[in-house]
Amino acid sequence: MDGTLIGNKHIVAISVNCIEGGRDCQSSKNLVPVGLFEFPKESCELYRKILPKPFLDSLSSVKYVRLKKKDIPVKLKLGGDFMNAVYVFGLAGVQSNFPCIFCTQHKSKLQEPDTTSYFDVQKEARTLEEQKLCLKKKDKNCKGYKCEPLFGDLFEFSDYIMDTLHMKLRVYDIFMTDILHYASRREKYGKEHDLEMEKKIDILNEHSKRLIGKRVFFAYDTKEQIIKLHGRFSGHLQDLLFQNFPYEKLLDGNAITDAKKLVYSFREILDLLKIDPLKRIKTLKAACVDFLQTFNAACLRNNVTPYLHIVGNHLFEFDEREDLGAFNMQGVEKGNDLLSRLYFSSTNVAKKPLYTMMQKLYRMLEMDLSPEERGEMLKFMNTQVYDIEDDDFVLLAEENVQTNDKLPVVENDYEVITSGSNDSSSDDEVIENESDEDAISSWFNLSNRKVLTANRFSSFKKNKKS
Ligand SMILES: [Zn+2]
């Protein structure tokens, strides 16, 4: 489950795969789309308003999959990024004193490695049971629970697997912000400082242009008095950008070695994740603990965000219990790029963009099928479960478009997503802006929400009965 920005529209795509099939099942070709939803913006409230109940119920009703005339019980797990978990589980997120999505560690202790667990209740793991109790008490900030989970009791907190792609992107974002923060320190006055900043910006722009082209650029933000990175880029390009990074020209003293150590330590984790656990020279746990300690000791800003806490506390736990590769969102991200291409190339964009996108996704799935499988699919289509749950498509009237403009629009200078892109905003920037609530409710009164789902799962229910 992943949200993506297409133009200035938030699209949440839900797809399924079978993780027992290994990492290949995660490729975009093998992901089966289940639903596409358009959101004015992502929030706990909107997730609950927009995802239709029959759709959620149909997901919860999947208990068996029929394979070669055998009914095989299935257990559903959910993969996604940090913010998706916040919305799905009904958490308060980064604003809370308990910002982690897996455990109830207090925000003042996020820097401590290997202290809490994502599944062990003895080590502060979150549970639906605890959530129920906390919500009953109506204590507003009780352990960061905000409202009931979207999927009811379908997914326990330990059934949520954080995807490593978003983790990688966000952690690199943190490095970049911290390095730029340090590089922007005012050590000289007036013109001299301005010249110093210009020099550093030139170095950064030249470095990024050489390694990744013109996808991103650096500029001085006079308001915040800091050098900022603009543009969006993928995890692969972030890897590249940190290669031969001009630390020496931007930083000084211990900051140079500290920044280098930090990037090296994180790279070590990423490399270990690619290796079979039995063949690793260093355990992932040791690398994760080292990483968080290196971060704490660095003389850059040492504000530990939930993502860093998750690396230092839960990442190695996931790795021990799950095949993280099967939950890597690379395939989902590719799917998102595909969606954005379909969206922008669609001839009836204004009419039924999500419907057209869904149709095309299914047609593409079909291309890889054998003639027999296609026959099966046709039979399946005739069961009419591939239908529109809520075909309340309403054309965007002009006044609605204007209302849309008032909504928090994330900078869309780079609206056409090309390859494996992701916005490079840091965790801090995704804090919900409560003052936008008015804009949201007015949007809702216009009832121009668009929802499309392929209610595929009904087929399993029907099969079950027959
Ligand atoms: Zn935690």
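A few notes on this one:
- The range 57-110 - residue that is open to solvent by 70 Å² or more (accessible area, probe 1.4 Å), in contact with a helix residue (DSSP H, G or I) (Cβ under 9 Å, 6 or more places away or on another chain) and assigned to a loop (DSSP other than H, G, I, E, B) and, of those, farthest from the ligand (Cβ to nearest atom): Lys63
- For the range 249-277, filtered to residues that are under 26 Å from the mean Cα position of the chain (by Cα) and aliphatic (A, V, I, L, M), the residue that is farthest from Glu196 (Cα to Cα) is Ile275.
- Selection over the range 112-133 of residues that are open to solvent by 70 Å² or more (accessible area, probe 1.4 Å) and either part of a loop (DSSP other than H, G, I, E, B) or within 8 Å of the ligand (Cβ to nearest atom) (or both) gives a count of 2.
- Any hit, the range 153-163, residues being within 16 Å of the ligand (Cβ to nearest atom), free of Cβ contacts under 8 Å to residues at least 40 places away in the same chain and under 23 Å from the mean Cα position of the chain (by Cα): yes
- Spans of helices (runs of 4 or more DSSP H) in the range 147-262 with at least 3 residues open to solvent by less than 40 Å² (accessible area, probe 1.4 Å) and farther than 30 Å from Ile19 by Cα: 164-183, 190-212
- Considering residues of the range 152-166 that are closer than 20 Å to Thr4 by Cβ and hydrophobic (A, V, I, L, M, F, W, C) only, the residue modelled with the lowest pLDDT: Leu165
- Within the range 263-283, tally of residues that are outside any helix (DSSP H, G or I) and open to solvent by 80 Å² or more (accessible area, probe 1.4 Å): 2
- Selected residue (only one of Arg321, Arg301 is of a type in the set (Lys, Arg), over 19 Å from the mean Cα position of the chain (by Cα), farther than 17 Å from Glu124 by Cα and within 16 Å of the ligand (Cβ to nearest atom)): Arg321
- Some residue of the range 171-189 being in contact (Cβ under 8 Å) with a residue 12 or more places away in the chain, among the β-branched types (Val, Ile, Thr), in contact with a helix residue (DSSP H, G or I) (Cβ under 8 Å, 6 or more places away or on another chain) and within 30 Å of Lys77 (Cα to Cα): yes
- For beta carbons closer than 7 Å, sequence separation of 6+ or different chains, a first residue in the range 113-136 that is among the aromatic types (Phe, Trp, Tyr) and a second that is assigned to a loop (DSSP other than H, G, I, E, B), the qualifying pairs are Tyr118/Phe102; Tyr118/His314.
- Subset of the range 305-318 (residues that are within 11 Å of the ligand (Cβ to nearest atom) and either surrounded by fewer than 19 Cβ atoms within 10 Å (Cβ to Cβ) or among the hydrophobic types (A, V, I, L, M, F, W, C) (or both)): Leu308, Ile310, Val311, Leu315
- Number of the exception - Leu338 against (1) open to solvent by less than 20 Å² (accessible area, probe 1.4 Å); (2) in the same structural domain as Asp24 (by TED's automatic domain parsing): (1)
- From the list Lys285, Lys260, the lone residue that is within 16 Å of the ligand (Cβ to nearest atom) and basic (Lys, Arg) is Lys285.
- Summed over the range 330-340, residues that are in contact with a strand residue (DSSP E or B) (Cβ under 6 Å, 6 or more places away or on another chain) and of a type in the set (A, V, I, L, M) total 1.
- Consider the range 14-39 and keep the residues that are within 17 Å of the chain's Cα centre (by Cα) and assigned to a loop (DSSP other than H, G, I, E, B). The one that is nearest to Leu78 (Cα to Cα) is Leu31.
- Flag if Leu51 is open to solvent by less than 50 Å² (accessible area, probe 1.4 Å) and under 22 Å from Cys147 (Cα atoms): yes
The values are calculated or read from the model by the stated rules, or taken from the named source; none is laboratory data. Small disclaimer: the values here were computed from a predicted structure and weren't measured. Cβ atoms come from the backbone with ideal geometry, glycine included; neighbour counts cover every protein chain shown. Heavy atoms of the whole protein, side chains included, go into the accessibility calculation; ligands, DNA and RNA do not. Shrake-Rupley method; radii C 1.70, N 1.55, O 1.52, S 1.80 Å.
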